[in-house]
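A quick write-up on the structure given underneath.
The values are calculated or read from the model by the stated rules, or taken from the named source; none is laboratory data. Keep in mind it's a predicted model, so treat the numbers as computed, not measured. For neighbour counting, all protein chains shown are included, and Cβ atoms are generated from backbone atoms with ideal geometry for every residue, glycine included. Just the protein is used for accessible areas: all its heavy atoms, side chains included, with ligands, DNA and RNA removed. Shrake-Rupley method; radii C 1.70, N 1.55, O 1.52, S 1.80 Å.
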Amino acid sequence: MPSLVDILGSIELVRGGDAPDDLKSPATIPAAEALSNRPCLIYFSAHWCPPCQRFTPTLATLYKKMKSAGTHDFEIVYVSLDRSQGQFDDYTAHMPWLCVPWGEGTQDVRMKLATQFGA
């Protein structure tokens, strides 16, 4: 089974728009650099999903609390199941973690991750 980093390959992950100041830079980071040797939660979600909309703020609060407490050796990666760039942009504006970018260049990767990890 290929790892998350293997599947992401050379993709540059983007930071969601609600990142704490100490995490805003860099805005993009190679997946291998961001995720190597650390636990990672893959968060499959979508703008159009009501349960996701209810859960995302809770997860964001927990993420920020853990990061501000000095727990930096983990990461969350959002894998979008949104239907458009606009939905992705609206939804990720409220996320503090790393995201697989939206676009034709990442659609195959996002679908491979969804298949591999049962989303």
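Of the residues Thr58, Thr71, which is modelled with pLDDT under 90 and either within 21 Å of Ile29 (Cα to Cα) or open to solvent by 30 Å² or more (accessible area, probe 1.4 Å) (or both)?
Thr71
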Sort out which residues of the range 95-107 are modelled with pLDDT of 90 or more and either loosely packed, with under 15 Cβ neighbours inside 10 Å or farther than 16 Å from Ala46 by Cβ (or both), and write them in order of number.
Pro96, Leu98
Among (1) touching a strand residue (DSSP E or B) at 6+ places or on another chain (Cβ under 6 Å); (2) open to solvent by 20 Å² or more (accessible area, probe 1.4 Å) - the single one Ile76 does not satisfy:
(2)
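Being part of a helix (DSSP H, G or I) and under 12 Å from the mean Cα position of the chain (by Cα) narrows it down to one residue among Thr56, Thr61; which is it? Write out each step before concluding.
Values: Thr61 fails: under 12 Å from the mean Cα position of the chain (by Cα).
Among Thr56, Thr61, only Thr56 is part of a helix (DSSP H, G or I) and under 12 Å from the mean Cα position of the chain (by Cα).
I'd like the residue in the range 12-22 that is touching a Pro at 6+ places or on another chain (Cβ under 7 Å) and not in a strand (DSSP E or B) and, out of all such residues, is modelled with the highest pLDDT.
Step by step, filter the range 12-22, then rank; the result is Gly16.
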So, Gly105, is that one on the phi > 0 side of the Ramachandran plot and either part of a loop (DSSP other than H, G, I, E, B) or over 12 Å from the mean Cα position of the chain (by Cα) (or both) or not?
no
